[in-house]
């Protein structure tokens, strides 16, 4: 292995590579409940050329390569299940371009959400991107590669739908441009009217290539942003409430959540509604439209709006820090969730399952769903907090999450950023021809199987042909 | 535990001021008396569905009866709740006692912060230096009057004796109530239900006046014009309303005359938004704030922290500065600046 280490030093320099145990310890785990696994090396490239050279080295040495953003997916996607090299992308963090009129940005593959947010605030205050409710150190490339969501997902779809172009280092070492940048200098379209090749990389969880540049759509940043919080105690009404709200076509974001603590939130389902405007009148108009849309539920006394002046600052935070607070309720600061993508009409069934699992496994629950693309679907998070110093509790959380994923699949949902166990569950149920198509794509792009092995292991399934 | 309500007082009332003066319901000739008769006899009537819970009828009644408590009792008897069920439930849950009150070095006197965090900061400084260490906070010491907005008098009857017992356990002889509604609860709701209060509730404005007299050499008259936002709870203790003017006089602030003050005061509107919708709430807040502006006031002075939280941003948007009455006193004592 020494020669690999020397080769990596030759590519990225002494300070860009490590095989020291304390650093390997750190890179062997993520904040979720999965078992750690040690890599052999960690490298931190600064350029696409360095990434390419590392890929060529890994291919030559047949050593696994695990691309990593900030490692906050919680589902072990950057745990090097078969060892090898963890490719920490965070030094590739430049914002290369913002096209104000075209409303897109081009960033390097390790650029964080917080960096882009701050840059836009300072230099392009009329623009914003779809910020996820994750720590600001999480990276844009990782987020789109696992079909993440953000503050603008209700309006515009998954954050991966907002990609306008990619630069990818293929597992065979070629540097490939996807979308309009493959034809010219502009990064305005990831696919149309070309075949949309971004699908070869988005959702593949780093098993088909390494994203070194991302083009990302930006959206108008309105001067005012406000929030309302509607509550109901009848879970069966939630889908129709959401249907009425999405019919308005004027809400920035819609989150549905419930949790047993603090008592303020006990026994109710909460729908947080965000809206924006360039004038106070625009904001108030939207607020009134929202209230009127839900009037029937108020008249029947089944739902109402909370007085929330004292909660507004918390609710308007971007990203929100409530998740961190939830993680520490049982002390020990751990939390993980299963977040299947599903239909809003299934909300009541999922909500019941959360409570059932929490009781069955004796764990603390919370749930927050985010509407996607005007209500065509939603991400339903089944979240459990745990104490990192309590292996038994972590085991119960893992079992509860596994059962949650099986339930989601039974309900026709799609697991989001599934861990390797959940990927296996998914592949087992996948249409065989679809699975075969995935296998062929994987074989074509990564013939040596070096990319994030242990994830999307389609090669383990017999061909259906 | 029953409401001590003298039906004859109402059935023989020549004016029916409680309803005739209502700012939200208009009655035809003789209709108000009919409504009250129906209410007393447990019949369906407009009051049960249209009352906006502003508490003002408690003040308008000149005969010492409790029309608002009766309306709320009848509503609960008939299951006619004011607010959406989940909102009512939320208030019930969030104010439940959890056995984790914050209790200072309480002797014979306690300073009640109710269950309102904002009162903690208000109850500090020179004005409260003798009592701030004796502060108590938490649902265990919270006046449950808010549940009357939701026609849940049963919650008040269940919790108020517990709150009183919690104070008694501390061995206090006096409780200084920083929340207007706490004083209203101990001196209006408790006697209306025959609940004994075995300590002396002290209204914070009485306490402020005493302290301002003691600190009069330190007072620098503010020379500012103010409008006053009277809270709903103050309707339970109308005899204390005059203290606002006395305090403002002491600190050199001028209370501007305006349409919506004293008996005609409009509430902050937030509970009304919850139970009646945005149109009425916006109307109330719009008229109220415009009235403050027209009066020439520079400051909007609050008594209740909930009103202050609700209206502060809107007051600022109108060019007025929101401030609690206690902070205004602190400004006069040089503990706070006008910019604070």
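Where a number appears in this text, it was derived from the coordinates with a stated rule and is not lab data. Note that the structure is predicted; figures quoted are calculated from it, not measured. Here the Cβ positions follow ideal geometry from the backbone for every residue, glycine too, while neighbour counts run over all protein chains shown.
Take every Cα pair under 8 Å in segment B:14-136 that's 6+ residues apart, average their separations, divide by the length, and report that relative contact order as a whole percent.
Working: 99 pairs, mean separation 23.9, N = 123.
Taking the mean separation of contacting Cα pairs over the length of segment B:14-136, I get 19 percent.
Placing pseudo-labels 7 Å out from each Cα toward the beta carbon at residue B:219 and residue A:317 gives an inter-label distance of 4.3 nm.
List A:187, A:291 from most exposed to least, where exposure is judged by having the fewest other Cβ atoms within 10 Å. Provide the component values of the computation, followed by the final result.
Numbers: A:187 28, A:291 18.
The order, fewest Cβ neighbours first, is A:291, A:187.
Note on residue B:209/residue A:263: beta-carbon distance plugged into 1/(1 + (r/R0)^6) with R0 of 30 Å gives a FRET efficiency of 0.20.
Placing dummy labels 7 Å off each Cα toward the beta-carbon, the span from residue A:82 to residue A:355 is 4.5 nm. Spin-label model, residue B:196/residue B:41: points 7 Å from Cα along the beta carbon direction are separated by 3.8 nm.
For chain A, the longest principal axis of the alpha carbon atoms and the long axis of helix A:432-445 meet at an angle near 50°. The spread of Cα positions in segment A:224-410, taken along each principal axis and listed from longest to shortest, comes to 54, 33, 29 Å. The GNM of chain B, with springs linking C-alpha atoms under 10 angstrom apart, assigns the highest mean-square fluctuation among B:240, B:321, B:169 to B:169.
Fewest first, what order do B:242, B:124 take by the number of other Cβ atoms within 10 Å?
Numbers: B:242 11, B:124 16.
Sorted ascending by nearby Cβ count, the order is B:242, B:124.
In chain A, Cα pairs under 8 Å separated by at least six residues give a relative contact order of 15 percent.
Between the Cα long axis of helix B:67-78 and the first principal axis of chain B there is an angle of about 50°, rounded to the nearest 10. Divide the volume of the convex hull around the Cα atoms of segment A:92-220 by the residue count and you get 98 Å³ per residue.
The angle separating the long axis of helix A:113-123 from the principal Cα axis of greatest extent in chain A is about 70 degrees. Which stretch or stretches of segment B:202-225 have amide N atoms under 16 Å from the point lying 7 Å from residue B:126's Cα along the Cα→Cβ direction? What the label zone holds, given the 16 Å backbone N cut-off, is B:208-223.
What list do you get for A:89, A:306, B:94 if you sort them by fewest beta carbons within 10 Å? Mind showing how you got there, number by number?
Numbers: A:89 26, A:306 21, B:94 14.
Sorted ascending by nearby Cβ count, the order is B:94, A:306, A:89.
Suppose R0 equals 25 Å; then what is the FRET efficiency for residue B:293 and residue A:295 from their Cβ-Cβ distance, rounded to the nearest 0.05? The value I calculate is 0.20.
Full extension of the segment from residue A:345 to residue A:137, taken as 0.36 nm per residue of separation minus the current Cα-Cα distance, would add 71.5 nm. Short-range pairs are left out: with C-alpha atoms under 8 Å and at least six residues apart, the relative contact order of chain B is 16 percent. Measuring r between the beta carbons of residue B:49 and residue B:313 and using R0 = 25 Å, the FRET efficiency lands at 0.20.
Computed packing ranks the peptides A:176-182, B:81-87 as B:81-87, A:176-182, most packed first, by mean other Cβ atoms within 10 Å.
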